[in-house]
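> Okay, handing you the structure first.
What follows draws every value from the coordinates through simple rules; no lab data is involved. Everything numeric in this text was worked out from a predicted model, so none of it was measured. So basically every Cβ, Gly included, is an ideal-geometry build from the backbone, and we count neighbours across all protein chains shown.
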Amino acid sequence: MELKTETPTLVFGDVMDATTTEPPAETNTEMTEEIVLTESERAQVEEFAKQIDLSNSTAILNYGVGTQKKLSDFSEKALDSVRTKDMGQVGDMITDLICQLKNFDVEEGQKGLKALFRRGENKLASLKAKYSKVETNVNVITTELEKHETTLLKDVAMLDQMYDANLAYFKELTMYIAAGRKKLEETRNGQLAELQSKAAASGLPEDAQAAKDLAAKCDRFEKKIYDLQLTRTIALQSGPQIRMVQSSDTMMAEKIQSTIVNTIPLWKNQMVIAIGVEHSSQAAKAQREVSDMTNELLKKNADALKMATIETVKESERGIVDIETIKHTNEQLISTMDEVLKIQAEGKERRKNAEQELGQIEQELKNKLLEASRS
């Protein structure tokens, strides 16, 4: 919505429908409020006050209504501009965005993992998949937030125009009130006083009626001025209200902007760091496994080398035949020789005895043969 700020200009004789507001009964008809105007505005008020004709009922009825109508139209246009915008979801979207980022757990799934390289691949793939899913949601929310930010910034600019226009309407109403008060005071102190004096002097009913009619018109005009005062008060109150709404819109736009340019890039930076850390972690784990395997292999090789070396040295320090073997062999040899000698001796003894027995047998046989030959 485009609002045009106009320099306050007083016009007289606007013809349009208007509803006047009756002032309270206790309203003081003496206008003592000080109105601050510039020299040019005062000159315009002076000139305009001279054109006011309290005898013109229609002109009095429409006095200042043009400004009141402009203020009403202006408020209606501003309302039409903002009531179609639903900004309540902005807070929900920011909350949802924070939840999306907070629920993204980089460390999830660390426990109970097996197989170093397969574990690292699964962890990294899971991390990237979750990041991709969250990033998609974040991008959708970011797009919507950017739209709302644009709307808010347009509203802030519109509210600036609205404030300036409201200020101009306030000044314009102030000048109408000042001109009306001046004319009312001049009429009551001048023309009305003269008519009242003339009626009192002549005693004629027509003179009394003329004075009464003018007094009634002055009262009506005073009510009109009071009505303008109420409208001006509304314009006066609208100024800080506009600024409050504008401040809220500005703060919300700043919050959205901070979320877009700070929170989301920071999260993405942390995501890059997390993936980089995971890469480094995988490399460190792999290197640690290799180192542990190497150390274990070196220990086993050292143990095997020690055993082999000791056995080799032992074998190298042994003779071809152990002394124990030689001793055993010697003992067995001696024992064998002793047995042989013993057997030989026994055999010799048995042969000797056998020879004797053979000799005896032979002799017995010879004797038997001789005996047989003789018979």
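> Taking the mean number of other Cβ atoms within 10 Å as a proxy for protection, how do you rank 223-232, 351-360 from highest to lowest?
The peptides rank, most packed first, as 223-232, 351-360.
> Then there is this: Among the lysines in the stretch 135-206, how many pairs, 8 or more places apart or on different chains, have alpha carbons under 29 Å apart?
5
> Compute the FRET efficiency between GLN270 and ASP303 as 1/(1 + (r/R0)^6), taking r as their Cβ-Cβ distance and R0 = 56 Å, and round to the nearest 0.05.
Between GLN270 and ASP303 the formula returns 0.70.
> How many nm separate the modelled label positions at GLU296 and LEU358, each set 7 Å beyond the Cα in the direction of the Cβ?
Distance between the two pseudo-spin positions: 8.3 nm.
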